[in-house]
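S.K.: Structure below; questions to follow.
The values are calculated or read from the model by the stated rules, or taken from the named source; none is laboratory data. If you're wondering where the values come from, they're calculated on a predicted model, not measured in any experiment. Cβ sites come from the backbone with ideal geometry, for glycine too, and all protein chains shown count toward neighbours.
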Amino acid sequence: MSSLPKSFLSPAEYLAFERQAGNKHEYYAGEIFAMVGASREHTLIVSALIRLLGNQLLERPCNVYPSDMRVKVDKKGKYTYPDVMVACGEEHFDDEENDTLLNPVIVIEVLSESTEAYDRGKKFEHYQYITTLTDYLLVCQYPYRIEHYVRQSDNQWLYQEFHEAENMVEIASIGCVLSLADVYAKVNKPHEGF
């Protein structure tokens, strides 16, 4: 992600710009940051996650969104595009455009070399300000590895890590299970490093 050489923008100016832009940009503290494209493997993993969660939530009042749906971390004034997110029940949006979700319950980021430190650090720190967020998942492209953070009642986060194809990641808050074998089914050479 790189900062664009522009003057500081208000949130309203950012949204007006973003809704006309051909590419996606994050926004934080008046600055906009261009988002980089994704690898084939990244795209296949995201597609699998959307399909797997979408199928399990088909008959429930939940929606699964790809990275085209923006989320706003209201308390931080941050706008970003998670790789996958889930919202359940009544959805709340930033304005009448319904393109900026305020209340996801699940956020999933697929890691890449260029975004891994950010997704693990500052981005997760910002996501924690979303009071509706119950689960944060980090999915590595290589090797098999899903990290699952679950918010606890004392606002601590329980951490679990999964590495084997036969592992099942239970997302209890939405009653879904992800099999690593299914998440990585279409990805070539899942056991090689970056």
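Listed here are the residues, each with its yes/no results for (1) under 16 Å from Ile45 (Cβ atoms); (2) of a type in the set (Asp, Glu); (3) outside the structural domain of Arg51 (by TED's automatic domain parsing).
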| residue | (1), (2), (3) |
| --- | --- |
| Lys123 | no, no, no |
| His126 | no, no, no |
| Tyr142 | yes, no, no |
| Gln156 | no, no, no |
| Tyr159 | no, no, no |
| Glu166 | no, yes, no |
| Ser173 | no, no, no |
| Asn188 | yes, no, yes |
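S.K.: Moving on to the next point. Considering only residues that are at pLDDT 95 or above and touching an Asp or Glu at 6+ places or on another chain (Cβ under 7 Å), which ones fall in segment 31-62?
M.R.: Val46, Ala48, Leu52
S.K.: Okay, moving on. Kindly establish whether Thr100 is at pLDDT 95 or above, in contact with a Lys or Arg (Cβ under 8 Å, 6 or more places away or on another chain), over 20 Å from Pro11 (Cα atoms) and surrounded by 17 or more Cβ atoms within 10 Å (Cβ to Cβ).
M.R.: On the way: at pLDDT 95 or above: yes; in contact with a Lys or Arg (Cβ under 8 Å, 6 or more places away or on another chain): yes; over 20 Å from Pro11 (Cα atoms): no; surrounded by 17 or more Cβ atoms within 10 Å (Cβ to Cβ): yes.
No; evaluated as a whole, the condition is false for this residue.
S.K.: May I pose another question? Restricting to segment 103-124, and then to whatever is surrounded by fewer than 21 Cβ atoms within 10 Å (Cβ to Cβ) and in contact with a His (Cβ under 7 Å, 6 or more places away or on another chain), can you tell me which residue is farthest from Gly37 (Cα to Cα)?
M.R.: Per the criteria, the residue is Asn103.
S.K.: On the basis of being surrounded by 14 or more Cβ atoms within 10 Å (Cβ to Cβ) and closer than 25 Å to Asp74 by Cβ, does Val187 make the cut? Quick ask: steps written out before the conclusion?
M.R.: On the way: surrounded by 14 or more Cβ atoms within 10 Å (Cβ to Cβ): yes; closer than 25 Å to Asp74 by Cβ: no.
The answer is no for Val187.
S.K.: Among the residues of segment 98-109, what is the count of those that are in a loop (DSSP other than H, G, I, E, B), free of Cβ contacts under 8 Å to residues at least 60 places away in the same chain and closer than 17 Å to Leu138 by Cβ?
M.R.: Our first condition is that a residue be in a loop (DSSP other than H, G, I, E, B); within segment 98-109, this holds for 98-99, 102-105.
Subset that is free of Cβ contacts under 8 Å to residues at least 60 places away in the same chain: 98, 102-104.
If we keep only those that are closer than 17 Å to Leu138 by Cβ as well, we get 104.
Here the count works out to 1.
S.K.: Moving on to the next point. Output the qualifying pairs, or none if there are none: Cβ atoms under 9 angstrom, residues six or more apart or on different chains, first residue in segment 55-72 and among the hydroxyl-bearing types (Ser, Thr, Tyr), second residue at pLDDT below 95.
M.R.: Hits for this filter: Ser67/Lys24; Ser67/Met35; Ser67/Ala38.
S.K.: Could you tell me whether Tyr127 is buried (at least 19 other Cβ atoms within 10 Å of the Cβ) and aromatic (Phe, Trp, Tyr)?
M.R.: Against the criterion (buried (at least 19 other Cβ atoms within 10 Å of the Cβ) and aromatic (Phe, Trp, Tyr)), Tyr127 qualifies.
S.K.: Report whether or not Asn98 is assigned by TED's automatic domain parsing to the domain that holds Leu52, touching a His at 6+ places or on another chain (Cβ under 6 Å) and not hydrophobic (A, V, I, L, M, F, W, C).
M.R.: On the way: assigned by TED's automatic domain parsing to the domain that holds Leu52: yes; touching a His at 6+ places or on another chain (Cβ under 6 Å): no; not hydrophobic (A, V, I, L, M, F, W, C): yes.
No.
S.K.: Right, next: Would you check if there is a residue in segment 135-146 being without any contact (Cβ under 8 Å) to a residue 12 or more places away in the chain and within 22 Å of Cys62 (Cα to Cα)? First the steps, then the outcome.
M.R.: First pass over segment 135-146, keeping only residues without any contact (Cβ under 8 Å) to a residue 12 or more places away in the chain: none.
Looking for residues that are without any contact (Cβ under 8 Å) to a residue 12 or more places away in the chain and within 22 Å of Cys62 (Cα to Cα), one finds none in segment 135-146, hence no.
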